[in-house]
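Note sheet for the following structure.
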Amino acid sequence: MLKSNIDKSTGFEKRFENINTVVFDNSNSASVAVAKEIANLIQLKQENNESCVLGLATGSSPKGLYAELVRLHKEEGLSFKNVISFNLDEYYPMEPDSINSYVRFMKELLFNQVDILPQNVHIPDGTLSKEEIADYCADYEAKIEALGGIDLQILGIGGNGHIGFNESGSLQNSKTRLVALDHITRVAASGDFK
């Protein structure tokens, strides 16, 4: 059964399914609301002298969110010194300074504009040999687990419905790994790669 009503605290429609879902009128209002939720979490963790572990996404979905987080840092003093980030993805093979690298994307849109500590930034390494990938991925997951998991995960949805590059056919319990991109995903990204 699907129930729908207006959340009195936000004025937005809330849908109750398996997870709480809020529908926004536009991307900007969604970005502001999600940035506020992230800022509140970061500040709560700071008050408790704890790290805030964020799972971050790339692509077009989170661009407005990152712009709002940068604004909160520059204009309202939101500090990222207690944030530890784990990005979902990187193209493979990919040099970190490549125009299409998600390392570069994250530095330009967020990391170079806030006070996050460089040692707290984790992005999958696109320069590894194929023989190194399985161990690297297991280590990436172990780092997340050692911190107690992700406090809040940002996800984007691709044109074919993939979430976080979990292409159609991915298992529900899939973890960090090398993924072959679906044809639709490749076509969508092809303009960026000329």
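The values are calculated or read from the model by the stated rules, or taken from the named source; none is laboratory data. Here the structure is a predicted model, which means the values were calculated and not measured. Positions of Cβ are backbone-derived with ideal geometry, glycine not excepted, and every protein chain shown enters the neighbour counts. What goes into the accessible areas is simple: the full protein's heavy atoms, side chains included, and nothing from ligands, DNA or RNA. Shrake-Rupley method; radii C 1.70, N 1.55, O 1.52, S 1.80 Å.
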Is it true that some residue in the range 88-106 is on the phi < 0 side of the Ramachandran plot, modelled with pLDDT under 95 and hydrophobic (A, V, I, L, M, F, W, C)? yes
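Residues are listed down the side, and each one gets a yes or a no for (1) in contact (Cβ under 8 Å) with a residue 60 or more places away in the chain; (2) part of a loop (DSSP other than H, G, I, E, B):
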residue	(1), (2)
GLY64	no, no
ARG71	no, no
LEU78	no, yes
ILE84	yes, no
ASP125	no, yes
ALA138	no, no
Among the residues of the range 102-114, is any in contact with a Pro (Cβ under 7 Å, 6 or more places away or on another chain) and touching a residue at least 12 places away in the same chain (Cβ under 8 Å)? yes
Report whether or not ALA188 is part of a loop (DSSP other than H, G, I, E, B), on the phi < 0 side of the Ramachandran plot, open to solvent by 40 Å² or more (accessible area, probe 1.4 Å) and at pLDDT 75 or above. no
Please verify whether ILE144 is in a helix (DSSP H, G or I) and surrounded by 16 or more Cβ atoms within 10 Å (Cβ to Cβ), treating the condition exactly as stated. yes
Tally of residues being more than 25 Å from LEU178 (Cβ to Cβ) and open to solvent by less than 30 Å² (accessible area, probe 1.4 Å) across the range 111-129: 2
Log entry, pairs with first residue in the range 161-185 being under 17 Å from ILE144 (Cβ atoms), second being modelled with pLDDT of 70 or more and among the charged types (D, E, K, R), beta carbons closer than 8 Å, six or more apart or on different chains, reads GLY164/ASP89; PHE165/ASP89; LYS175/GLU141; THR176/GLU141
Given (1) open to solvent by less than 60 Å² (accessible area, probe 1.4 Å); (2) under 21 Å from MET94 (Cβ atoms); (3) out of contact with any strand residue (DSSP E or B) (no Cβ under 7 Å at 6 or more places or on another chain), identify the lone condition not met by SER174. (3)
